[in-house]
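Below: one structure, written as structure tokens.
The values are calculated or read from the model by the stated rules, or taken from the named source; none is laboratory data. In this text the structure is predicted, and so the values were computed from the model without any measurement. All Cβ positions, even for glycine, are placed from backbone atoms using ideal geometry, and neighbour counts span all protein chains on display. When the accessible area is computed, the model is the full protein with side chains, heavy atoms only, and any ligands, DNA or RNA have been set aside. Shrake-Rupley method; radii C 1.70, N 1.55, O 1.52, S 1.80 Å.
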Amino acid sequence: MLDLDRLIHEPGRLAILTVLSSVTDADFLFLQRATGLTKGNLSSHLSKLEEAGLVAITKRFVRKKPNTSVAITELGRERTARHWEQLEELKASAQAVSRSQASQSARRSASPSLVRPV
Amino acid sequence: MERRELERTAWAYTHLRGLTAIPGGLLFMLAALGNWQVGPFRHDWVFLACVLAMGGAYALIARAYRERYGHVTPSTEQQLRAAAAIALGFAVVLGGSLLLRSRAGFSLDLPVNAIAVTFAIVMLATYAIGGVLRPHHFAVYGTLLAAGALPVWHGEDPANIGLVMCGACVVAAGVLDHLAFARTFPPPLDA
């Protein structure tokens, strides 16, 4: 049984971390556009990720307007990569199970004499 | 949720901000007008003024993108790949143009439009390296490549016509890139 990282497994947070893992840093507006989250949701997810030390948030002023820049930490990068590996493993094992079930049902339908009448 | 799709959003941000390419495309056409010395383009300063104006237009468009779509700093790997693509692009356009059709001794002197051919190849390669190659890139730059490679470019060097064709393709691809960009980054739900 795989022990999934519950903090990262939430789709919104996984989307944020995955986008951040492919860049140096991104601002709040870009993350909102890239993930499709509302301001409130994004803000709450970022707070949780910052508390866990998975992202670093820098607040500053750009042309007199507040700007929030977010970067993934090394810990965040490692945990996101590990989480995606676990999801890939789960997907592969689910596909293997469905393939074996499909081949079993195909064998049953190919040889109906083996099936006992109820 | 698609991992690759999410990871490619930064590539899309870097390569599909199509409206920023439009001043560059117009500059290609203005360079051809300058070479032909049409009207006010007889004076060198007119072209230089156009370069400054296009630079200003680029800065304004890039700022509008930042304010509307936010800002992202690409990873070091992305920055290196973009720099390598630009350097390779210059080398291919320069070397390819000299090889296909020029006054150089080693030139094959083919009846093709060397600038159009090399530029189309470079643009397709750049989008492919950036991982954002879309069907409209094949349509626009494939057409440019086919038109440039047709053996109908006899007579004088068709470099200026090539510049106009490249400029028109950059503008067309820029508009289509922007539409793809806007689809990739839809407005936030609470906007």
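A helix-only calculation puts chain B at -23500 deg cm²/dmol for mean residue ellipticity at 222 nm, using -39500 (n - 2.57) for each DSSP H run of at least four residues, averaged over all residues. In terms of accessible area, using a 1.4 Å probe and ignoring ligands and nucleic acids, A:Ser69, A:Ser109 rank largest first as A:Ser109, A:Ser69. Subtracting the Cα-Cα distance of A:Ala81 and A:Ala52 from 0.36 nm times their residue separation leaves 8.8 nm of extension gain. Placing a label point 7 Å from the Cα of B:His154 along the Cα-to-Cβ direction, the residues of the range B:97-115 whose backbone N falls under 18 Å from that point are B:101-102, B:109-114. Contact order, relative form, for chain A: 26 percent (alpha carbon pairs under 8 Å, 6 or more residues apart, mean separation divided by residue count). Averaged over its residues, the protein assembly as shown has an accessible area of 57 Å² per residue, based on protein heavy atoms and a 1.4 Å probe. Leaving out same-chain residues fewer than 8 places away, which aspartates and glutamates sit with a Cα under 15 Å from that of A:Lys91? Within the straight-line limit of under 15 Å, A:Lys91 reaches these aspartates and glutamates: A:Asp3, B:Glu2.
Here the range B:122-191 exposes an accessible surface that is 74 percent carbon and sulfur, computed with a 1.4 Å probe and the other protein chains kept in place.
Among A:Asp3, B:Asp109, the order of accessible area from largest down is A:Asp3, B:Asp109, computed with a 1.4 Å probe on protein heavy atoms. For chain A, the fraction of 1.4 Å probe accessible surface lying on carbon and sulfur atoms is 55 percent. For chain A, the Cβ-based charge dipole about the Cα centre amounts to some 480 debye (Lys, Arg positive; Asp, Glu negative; other atoms uncharged). Carbon-plus-sulfur accessible fraction, the range B:1-117 (probe radius 1.4 Å, protein heavy atoms only): 67%. Treating each Cα of chain A as an identical point scatterer and ignoring solvent, apply the Debye formula and state log10 I(q)/I(0) at q = 0.18, 0.22, 0.23 Å⁻¹. So the normalised log intensities work out to -0.91, -1.19, -1.26. Stretching B:Leu80 away from B:Ala104 to a fully extended chain increases their span by 5.4 nm, per 0.36 nm per residue minus the current alpha-carbon distance. From the P(r) of the range B:1-119, could you give the percentage of C-alpha pairs in the tail past 24 Å? Beyond 24 Å sits 49 percent of the P(r) for the range B:1-119. Each Lys and Arg adds +1 at its Cβ and each Asp and Glu adds -1 at its Cβ; summed about the Cα centre, the range A:44-89 shows a dipole of about 680 debye.
Taking all protein chains as they are arranged and a probe of 1.4 Å, the heavy atoms of B:Met123 leave approximately 40 Å² accessible to solvent. Placing unit charges on each Cβ (+1 for Lys and Arg, -1 for Asp and Glu) gives the range B:36-93 a dipole about its Cα centre, and among B:Leu52, B:Val93, B:Gln37 the Cα reaching farthest toward its positive end belongs to B:Leu52.
Between A:Gln104 and B:Leu133, the FRET efficiency from the beta-carbon distance, with R0 = 30 Å, is close to 0.10.
Surface burial for B against A, with a 1.4 Å probe and both sides summed, reaches about 2300 Å² of accessible area.
B:Leu99 contributes about 80 Å² of solvent-accessible surface, heavy atoms of the protein only, 1.4 Å probe. For A:Lys39, a cut-off of 14 angstrom between C-alpha atoms picks up these aspartates and glutamates, skipping any fewer than 8 places away in its own chain: A:Asp27, B:Asp190. Once all protein chains are placed together, B:Leu133 keeps about 60 Å² accessible to a 1.4 angstrom probe.
Building the convex hull from the alpha-carbon atoms of the protein assembly as shown and averaging its projection over directions returns 26.2 nm². Interface burial in the range A:31-66, defined as at least 40 Å² less accessible area with all protein chains than with the chain alone at a 1.4 Å probe, covers A:Arg33, A:Thr38, A:Arg63. Taking the Cα centre of the range B:1-75 as reference, the dipole from Cβ charges on Lys and Arg (+1) and Asp and Glu (-1) amounts to some 100 debye. Couplings 3J(HN,Hα) for the range A:70-77, derived from phi with the Karplus relation 6.51 cos²θ - 1.76 cosθ + 1.60 (θ = phi - 60°), are 10, 10, 7, 8, 4, 4, x, 4 Hz, where x marks Gly and Pro.
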